[in-house]
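*Asks:* One structure, pasted below without further comment.
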Protein chains: 2
Amino acid sequence: MSIEKTIPDFSRGQPCQGTGGVLPAIAQDAQSGQVLMLAWMDRIAWEETMATGQAVYFSRSRGQLWRKGETSGHRQQVEEVRVDCDADTILLKVRQTGAACHEGFKSCFFRRVDQEGHTTIADSRLVNPATVYGNQANQ
Amino acid sequence: MSIEKTIPDFSRGQPCQGTGGVLPAIAQDAQSGQVLMLAWMDRIAWEETMATGQAVYFSRSRGQLWRKGETSGHRQQVEEVRVDCDADTILLKVRQTGAACHEGFKSCFFRRVDQEGHTTIADSRLVNPATVYGNQANQ
């Protein structure tokens, strides 16, 4: 087995529900460079992402694969994949349909924190979450 | 206590060496948008970062605060701080001196992974790690 095949190294991941470890995965807008979200991947999510070109994560709260956008339609088409020096963090450069955030913002990082620790909403909401998700779980 | 003061929520963090939880912190170049690295913060690292305007992380491997650039001089001046919707991931927009990566690359994400899982080095090395760190631990 080539060295290249050993990355990402899920054995360095956080133990999670019998997955064999989950690693943080950053989704970044491929065009604008905006950081959209951070989620988690186990090996299965990684393999499905690589095979389909659509971002698939592992939901730690639900304990199952999370095919991003399956409910909302707000999918992430993966344009480029990177791993970091320690092979324990994944970076996806994606084309985001609609809003990455379940609160209706393009990016989950819509809150700025000032030096005193106070937050302000620094971005504009793209969509109304109620119209996207209805009563379903956030996906 | 205002709601704003409760973020980030370290109680949602990964348990780590009696810290009360560590959360992932993404460092992004404030100007270019390049994602530089992912590290971890406990509450002490967060508070020192906010107080000093210099990125401070918690090294999970060394079990101690990691004042980024203390050895290498490759500091990160924090220009903006964001938290995500769940208040469990931190995004720092920074001005990076030199290379963020201990391997001498501007970004730790210097390896691209193709669909077959093979990696290539996609960036150029900025500095020779040996000249920066000598025999010291990577910082």
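*Asks:* Just to verify a result, which residue in region B:57-66, among those that are in a loop (DSSP other than H, G, I, E, B) and not charged (D, E, K, R), is surrounded by the fewest Cβ atoms within 10 Å (Cβ to Cβ)?
*Replies:* B:Ser61
*Asks:* Right, next: Quick check on my filter: what residues within region B:97-118 are touching a helix residue (DSSP H, G or I) at 6+ places or on another chain (Cβ under 7 Å) and within 29 Å of A:Ala51 (Cα to Cα)?
*Replies:* Of everything in region B:97-118, those that are touching a helix residue (DSSP H, G or I) at 6+ places or on another chain (Cβ under 7 Å) and within 29 Å of A:Ala51 (Cα to Cα) turn out to be B:Gln115, B:Gly117, B:His118.
*Asks:* Pairs please, first residue from region B:104-123 and more than 7 Å from chain A (Cβ to nearest Cβ), second anywhere and β-branched (Val, Ile, Thr) and surrounded by 12 or more Cβ atoms within 10 Å (Cβ to Cβ), Cβ atoms under 9 Å, 6+ apart in sequence or on different chains.
*Replies:* Partner pairs satisfying both residue conditions: B:Gly104/B:Val127; B:Gly104/B:Val132; B:Phe105/B:Val127; B:Ser107/B:Val35; B:Asp114/A:Val81; B:Thr120/B:Val113.
*Asks:* Here is a further query. Quick check on my filter: what residues within region B:84-103 are in contact (Cβ under 8 Å) with a residue 60 or more places away in the chain and crowded, with 17+ Cβ neighbours inside 10 Å?
*Replies:* Result: B:Asp86, B:Ala87, B:Asp88, B:Thr89, B:Ile90, B:Leu91, B:Leu92, B:Lys93, B:Val94, B:Gln96, B:Ala100, B:Cys101.
*Asks:* Okay, next question. Let me confirm something: among B:Val81, B:Val22, which residue is in contact (Cβ under 8 Å) with a residue 24 or more places away in the chain, surrounded by fewer than 24 Cβ atoms within 10 Å (Cβ to Cβ) and of a type outside the set (Asp, Glu)?
*Replies:* It is B:Val22.
*Asks:* If you check B:Gln77 against the conditions, is it in contact with a Gly (Cβ under 7 Å, 6 or more places away or on another chain) and at pLDDT 95 or above?
*Replies:* It is true that B:Gln77 is in contact with a Gly (Cβ under 7 Å, 6 or more places away or on another chain) and at pLDDT 95 or above.
*Asks:* Further, regarding this structure: Right, A:Ala25: under 14 Å from B:Val113 (Cβ atoms), within 11 Å of another protein chain (Cβ to nearest Cβ) and at pLDDT 95 or above or not?
*Replies:* yes
*Asks:* Filtering region B:1-22 down to residues that are small (Gly, Ala, Ser) and on the phi > 0 side of the Ramachandran plot, which residue is modelled with the highest pLDDT?
*Replies:* Top of the filtered list is B:Gly21.
*Asks:* Would you call A:Gln64 closer than 24 Å to B:Thr120 by Cβ, out of contact with any Phe, Trp or Tyr (no Cβ under 7 Å at 6 or more places or on another chain) and not small (Gly, Ala, Ser)?
*Replies:* No, not satisfied.
*Asks:* A further question follows. All but one of (1) within 12 Å of the chain's Cα centre (by Cα); (2) assigned to a strand (DSSP E or B) hold for A:Arg112; state the number of the condition that does not hold.
*Replies:* Single failed check for A:Arg112: (1).
*Asks:* Just to verify a result, which residue in region A:28-56, among those that are among the polar types (S, T, N, Q) and part of a loop (DSSP other than H, G, I, E, B), is surrounded by the most Cβ atoms within 10 Å (Cβ to Cβ)?
*Replies:* So the residue we want is A:Gln34.
*Asks:* So how many residues does region B:67-85 have that are closer than 29 Å to A:Cys101 by Cβ and either within 14 Å of chain A (Cβ to nearest Cβ) or not in a strand (DSSP E or B) (or both)?
*Replies:* Residues in region B:67-85 being closer than 29 Å to A:Cys101 by Cβ and either within 14 Å of chain A (Cβ to nearest Cβ) or not in a strand (DSSP E or B) (or both): 10 in total.
The values are calculated or read from the model by the stated rules, or taken from the named source; none is laboratory data. Everything numeric here is computed off the predicted structure, so don't read it as measured data. All Cβ positions, even for glycine, are placed from backbone atoms using ideal geometry, and neighbour counts span all protein chains on display.
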